[in-house]
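Reviewing the structure listed below.
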Protein chains: 2
Amino acid sequence: MATINDNYLKLKAGYLFPEIARRVNTFVEANPDADIIKLGIGDVTEPLPQACCQAMIKAVEDMGDRATFKGYGPEQGYGWLREKIVAHDFQARGCQVEASEIFISDGSKCDCGNILDIFGKNNTIAVTDPVYPVYVDTNVMAGHTGPAKDNGEYQGLVYLPINAENRFTAEIPRQPVDLIYLCFPNNPTGAVASKEHLQAWVDYARQHGSILLFDAAYEAFIADPAIPHSIYEIEGARDCAIEFRSFSKNAGFTGTRCAFTVVPKSLKGKAADGSDVPLHPLWNRRQSTKFNGVSYIVQRGAEAVYSEAGQAQVKELVRFYLDNAGIIRAQLTAAGIGVYGGVNAPYVWVKTPKGLSSWDFFDKLLHTCNVVGTPGSGFGAAGEGYFRLSAFNSREQVNEAMARITRAFSV
Amino acid sequence: MATINDNYLKLKAGYLFPEIARRVNTFVEANPDADIIKLGIGDVTEPLPQACCQAMIKAVEDMGDRATFKGYGPEQGYGWLREKIVAHDFQARGCQVEASEIFISDGSKCDCGNILDIFGKNNTIAVTDPVYPVYVDTNVMAGHTGPAKDNGEYQGLVYLPINAENRFTAEIPRQPVDLIYLCFPNNPTGAVASKEHLQAWVDYARQHGSILLFDAAYEAFIADPAIPHSIYEIEGARDCAIEFRSFSKNAGFTGTRCAFTVVPKSLKGKAADGSDVPLHPLWNRRQSTKFNGVSYIVQRGAEAVYSEAGQAQVKELVRFYLDNAGIIRAQLTAAGIGVYGGVNAPYVWVKTPKGLSSWDFFDKLLHTCNVVGTPGSGFGAAGEGYFRLSAFNSREQVNEAMARITRAFSV
């Protein structure tokens, strides 16, 4: 009799985005003429850089010609892409990362979940609260937690609250934790971490033998030159950190699918017999056995991000979204609403006005302004009283949304 | 202190294909002028169908234009692709499969491994011997086995021998097993299963509450109209089978990456409390949480496989490789070497002549004929004394390889 993975039954049914969709649909049915503006999910709206498109058309042509056709590629990704990544994203910033430590994948979300395959079942896991839900759900599915408590937290996970008081950077935990998810620039709060803050995490991790799972999917949005883009800018990080990167948000690859994960060869975990085991060969074995590499066509598109034209086009895209974020910040501030983030990140983290709950503010924005955002409480209990607005939309829509909010909320 | 997944340490280091590469490299270093012909790994050699290339170029253009740009797609795949698959691959063959039961993915290898996520840890797993190594290795990594024994088998797995005596179709086991991997047309033996044989498996699975994991990646090569292409052609299979399909071998997508998995809504597994839980929502949750869908560009390429031009081009590709297989069969037979498979499959399973071991035959072929194949023992203990030759190469290379073998081995 085949049995199921019972851990899946612990997952809460009402996931955030389906509930948002349900409320929006109900409103639209009752108000079919409403002009809804979505600043909710973190999906880009602008087209791919032309350099990427040109490279992918050339790659499709390669695939149609026997002389240049590509069958199975390396599961880890093509050398020409791994080398450009290393040179541009790491060595140019003074980070010691080798091409063989880069694993090309079809998404950071996939990698964030799949990375748990190589770790033991007995690790203590720490996440921030609020947090990107995938970190939590994949640990629930892997059996690393107990059941959900009434407040939505899962037993056995260590939650590190982030809020305005600690500038949305978690305090270093007092108890020992083994795997720690950090996301900077942060989803959902838009916060960034200083070099000193990251150094404190690296020092903690090295002292306790912990591994930092560092999600840098939004690093391209860092405008402040003092803020690190990679955890490997921090002394000692090669001994304690795995980094996740993506082409989704810098080059608009959310529908094209390419990302990468960095696993330094110096990184080790403990085996049951107490010996130290390098993690690089484990992840390499995981990817070789359960993955077949990213489409040649898509890898050629990602490579073009590093061309001169590609770099200029990506910079322009990022600037466009950051300017949107700046408009959101300025308009809300003028309307007397508190805002965080949105300076080095595409997310603005809004303090709900008049003490409204996250969902009450959601409903009010939807009904009064026909604007859709994301309730902060959907990212965790400590997100209550906050609200996420994303900068991914046209300038016209962002301006219109802000005009409506200003009219509705100005004091 | 972060711990590792100790199950990875059970994996045998010497994986088949690296060992082949090592021996080939050693030979080439000593014989730099040798003209090596590779009939080893199962990678296609002919270019993509033009219909697929045209569709992908159009899709890249879509991505470069704001009006037609696509961000995140459905994690399960686009409806237009799922519907074409259902109409063409299933309903046209009388199988009851709905579009919502199709999950588009980036590879069958990935799906075959990832599917274990939704099952319990206490299932008894059955594989054939010889077998596609991914089924075994992913179960080792998931902790479903004990350590490897001296003969290379893993403790706790149930091995079902397939050989010339049982026509490379395993006998239905006497003991209860919970998850059963079946691959038809078979990799590595090239064998196919009759409707009666598959009906016996479905009947067994329904009687024992087992799940069949049916790998049909090579179904396009079935030439005999009496052989089922899908497990869902078998009465009752919707209650006990998951099917894996791929565009890799029919349309040459090994480097383009697209596949799909069918999880019928009627399929159930047992929860710890003894209740029956449908598997479809579990796999849907797994994919939504740990996967972000296949590239829009690639899905458009896969869709073109179902166009009139695409169908004609795929048929021609398959015919080309099957003719290669026919040449291999005929030439080896004429040389007095026993062959199996290669009629409804791109693999010819060779009985090594003169009682040679699989690796001795490998070395002899390499050194005498400069031809590379795959030792049968690499697929499991019962593959000893066999050898896999693949039909994926140019006609010229196949003819040349066969001429060399005929000269070397003819009696």
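Readers should treat all values here as calculations from the given coordinates under stated rules, not as data from a laboratory. What you see is a predicted model, and the numbers here were worked out from it, not measured in a lab. Neighbour counts are summed over all protein chains in view; Cβ atoms, including those assigned to glycine, are modelled from backbone coordinates with ideal geometry.
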Report task. Would you order A:Phe362, B:Phe69 from fewest to most other beta-carbon atoms within 10 Å of each residue's own beta-carbon? Result -> B:Phe69, A:Phe362
Query raised in the report: Once phi is turned into ³J(HN,Hα) by the Karplus curve 6.51 cos²θ - 1.76 cosθ + 1.60 with θ = phi - 60°, what whole-Hz value does each residue of region A:242-259 show in order, with x for glycine and proline?
Result: 10, 10, 10, 10, 8, 9, 5, 9, 7, 9, x, 8, 4, x, 9, 6, 7, 7
Query raised in the report: Short version: ³J(HN,Hα) in whole Hz for each residue of region A:176-181, in order, from phi by Karplus 6.51 cos²θ - 1.76 cosθ + 1.60 (θ = phi - 60°), x for Gly and Pro, what are they?
Result: x, 10, 9, 10, 10, 8
Query raised in the report: For the protein assembly as shown, what proportion of DSSP beta bridges, expressed in % and rounded to the nearest 5, is antiparallel?
Result: 55
Query - For chain B, share of DSSP beta bridges that run antiparallel, in % to the nearest 5 - result: 55
Query raised in the report: B:Lys354: which lysines have alpha carbons under 20 Å from its alpha carbon, excluding same-chain residues fewer than 8 sequence positions away?
Result: B:Lys364
Report task. List the distances, in nm and shortest first, from the label point of B:Asp203 to the matching label points in every other copy, placing each point 7 Å from Cα along the Cα-to-Cβ direction. Result -> 7.2
Report task. For A:Lys149, list the aspartates and glutamates whose Cα falls under 15 Å from its own Cα; do not include residues on the same chain fewer than 8 positions away. Result -> A:Asp129, A:Asp137
Requested in this report: Go ahead and run the numbers for FRET between A:Arg93 and A:Phe320, Cβ-Cβ distance against an R0 of 30 Å, rounding to 0.05.
Outcome: 0.80
Query raised in the report: Taking neighbour Cβ counts within 10 Å as the exposure measure, how do B:Lys249, B:Lys354, A:Lys270 sort from fewest upward?
Result: B:Lys354, A:Lys270, B:Lys249
Query - Translational D in µm²/s for chain B (Stokes-Einstein at 4 °C, 1.567 mPa s, Kirkwood Rh from C-alpha pairs) - result: 58
Query raised in the report: For B:Ala330 and B:Ala21, FRET efficiency with R0 = 45 Å and r from the beta-carbon atoms, rounded to 0.05?
Result: 0.95
Query raised in the report: Under a 5 Å amide H to amide H cut-off, with H placed in plane at 1.01 Å, what residues pair with A:Asp215 once short-range neighbours are removed?
Result: A:Leu182, A:Cys183, A:Phe184, A:Phe244
Report summary line: Between A:Ala381 and A:Glu61, the two model label points (7 Å from Cα along the beta-carbon direction) sit apart by a distance in nm of 5.9
Report task. Tell me the distances, shortest first, between B:Glu46 and the same position across the other copies, using label points 7 Å along Cα→Cβ, in nm to one decimal. Result -> 4.4
Report summary line: Taking r as the C-beta separation of A:Ala309 and A:Ser266 and R0 as 51 Å, the FRET efficiency to the nearest 0.05 is 0.90
Report task. Rank the residues B:Arg257, B:Arg206, B:Arg82, B:Arg395 as a footprinting-exposure proxy: fewest other Cβ atoms within 10 Å of their Cβ go first. Result -> B:Arg395, B:Arg206, B:Arg82, B:Arg257
Query - Label geometry 7 Å along the beta-carbon vector: B:Leu9 inter-copy distances in nm - result: 3.3
Requested in this report: Could you tell me which of the pairs B:Lys12/B:Lys109; A:Lys109/A:Lys270; A:Lys58/A:Lys84; A:Lys265/B:Lys121; A:Lys195/A:Lys268 are separated by over 27 angstrom between their Cα atoms in the structure shown?
Outcome: A:Lys265/B:Lys121
Report summary line: Partner aspartates and glutamates whose C-alpha sits under 14 Å from that of A:Lys38, ignoring same-chain residues fewer than 8 away, are A:Asp363, A:Glu396, A:Glu400
Report summary line: Two pseudo-spin positions, 7 Å from Cα along C-beta at A:Arg206 and at B:Leu9, lie apart in nanometres by 2.6
Query raised in the report: So what J values fall out for region B:126-142 if you push phi through Karplus, 6.51 cos²θ - 1.76 cosθ + 1.60 with θ = phi - 60°, rounded to Hz, Gly and Pro as x?
Result: 10, 10, 7, 9, x, 8, 4, x, 4, 4, 6, 4, 5, 6, 4, 4, 7
